[in-house]
1. Looking only at region 472-498, which residues are within 18 Å of residue 175 (Cβ to Cβ) and either touching a residue at least 40 places away in the same chain (Cβ under 8 Å) or assigned by TED's automatic domain parsing to the domain that holds residue 112 (or both)?
2. Tell me, which residue of region 449-471 that is part of a loop (DSSP other than H, G, I, E, B) and free of Cβ contacts under 8 Å to residues at least 12 places away in the same chain is surrounded by the most Cβ atoms within 10 Å (Cβ to Cβ)?
3. Can you find even one residue in region 126-145 that is on the phi > 0 side of the Ramachandran plot and either at pLDDT below 95 or assigned to a loop (DSSP other than H, G, I, E, B) (or both)?
4. Name every residue in region 104-125 that is in contact with a helix residue (DSSP H, G or I) (Cβ under 8 Å, 6 or more places away or on another chain) and either crowded, with 17+ Cβ neighbours inside 10 Å or within 18 Å of residue 184 (Cα to Cα) (or both), in order of residue number.
5. Quick check on my filter: what residues within region 106-116 are in a strand (DSSP E or B), over 26 Å from the mean Cα position of the chain (by Cα) and either outside the structural domain of residue 132 (by TED's automatic domain parsing) or under 12 Å from residue 176 (Cβ atoms) (or both)?
6. In region 498-535, which residues are buried (at least 21 other Cβ atoms within 10 Å of the Cβ), touching a helix residue (DSSP H, G or I) at 6+ places or on another chain (Cβ under 9 Å) and in a loop (DSSP other than H, G, I, E, B)?
7. Name the one entry in 208, 238 that is in contact with a strand residue (DSSP E or B) (Cβ under 9 Å, 6 or more places away or on another chain) and more than 26 Å from residue 59 (Cα to Cα).
8. If you check every pair at least six apart or on different chains, which have Cβ atoms under 6 Å apart with a residue in region 118-138 that is farther than 19 Å from residue 183 by Cα first and a residue that is in a loop (DSSP other than H, G, I, E, B) second?
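The values are calculated or read from the model by the stated rules, or taken from the named source; none is laboratory data. All values derive from a computational prediction rather than experimental measurement. With ideal geometry, Cβ positions are generated from the backbone for all residues, glycine too; neighbour counts draw on all protein chains shown.
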């Protein structure tokens, strides 16, 4: 049994390597792109609670915000301040105590034993204990809950056993290395069993946690208001003080249209805003009244999946040619300015386990793309600029979503491909239609990007079990790749995990299963009076407990 007070995921040296790798490929490294960001140094003293109201702009109005049920990153922006988790993760990737004071992992990796705090109370007065944790994990695992994300973060969960009032054991059917990472996220935040049982299906409108803020009211698509928890006194060591938060109230408002976000900041309608358009970010960066806070998002880079089961992308040489023909640096600079590094593989460079060996595998080389296409039998015999083979034009079908500047990226991609004789036809569809097209394999190319602080996310997108109905949109069915992904999820040794995921990334790119475009960066901005604002290692979720408003 390995006793763990805090588990080191990655050394500071590796973090620095990742930062350097992320910024290095661009011709001028975007100095405004750190792996995490804070308006203040972690050593900053936070004043005694003085009150004040913060208005935080959200950019998506999710259909549901129960973290055990729903999946959006947007729900975690407010709810990270409402829920505590068993463990927390600091900005160096180290797990530190949260609701659990300490924990052990059995030698076979099948059992996690947690020793809980005995001084925590839910917002509704319900005591926190081992029974509450078991209730939450079992709720997530219950098929009736229809969890869209949290249940997958539990992996091969088997059961939770209560040892005593403040000790429990979580049992797995097989070793599951990402569990501590999962347990540190809001999707596995611990909710009041009393409130869940009272409100049932309406719980999302009446959520109760143990965090530094309490939900006062929630009006879907309009606002969500939190108020300070006056009894909070169990903050983890990642924060700078103990006791109640400084802010008295936080109101989250929705600014769905990108064009309205900077204007809302400048007009005083919001104090903090996420996902600022790059051209607006450039303007705000020059204004001393505002602080620009770009935050790197770990996980999956923005990438186009190349369907290996539909011609012509069923041909490796065609997939490789697509990669060589795409000037990713030009696309990234034109659309995202200096706020996003170029992507080189399935994981962005801010993700633990990222392999820098993928850098340079597909340098922009249209001449090489043309050679590959000619070797594969694709020639422009009629001089119309589009290659043909066996009487069929070299045409790709792309399905696009409307968010994340994907249509703009696709427009430039279309032009790059045409220069080597590839025609790309695209259509922008609603997300459900994109899911259907990908599931049915109608596409040659389809984009996606999903955040994650653990490289196990690759299993979702490249394991053969997900090729028919899941997110394996490359439709790859490779036993070797499956084995690498399965072993990566089971292996607790961190060096071995990194080696497995390095080999995984190399294989994905050698087979040209994707066309990577850019590493995702969420460009936030805040009024200069907002102090102490930091974001967690996942990039999306603000730590608002230490925030205060300068008088």
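1. Within region 472-498, 488, 489, 490, 491, 492, 494, 497, 498 qualify.
2. Filtering first and then ranking leaves 467.
3. no
4. Of everything in region 104-125, those that are in contact with a helix residue (DSSP H, G or I) (Cβ under 8 Å, 6 or more places away or on another chain) and either crowded, with 17+ Cβ neighbours inside 10 Å or within 18 Å of residue 184 (Cα to Cα) (or both) turn out to be 109, 112, 114, 116, 122.
5. 111 - this is the single residue of region 106-116 that is in a strand (DSSP E or B), over 26 Å from the mean Cα position of the chain (by Cα) and either outside the structural domain of residue 132 (by TED's automatic domain parsing) or under 12 Å from residue 176 (Cβ atoms) (or both).
6. Correct list: 512, 513, 519.
7. After applying the criteria, what remains is 238.
8. Between residues of region 118-138 that are farther than 19 Å from residue 183 by Cα and residues that are in a loop (DSSP other than H, G, I, E, B), the close pairs are 123/208; 124/192; 124/208; 126/192.
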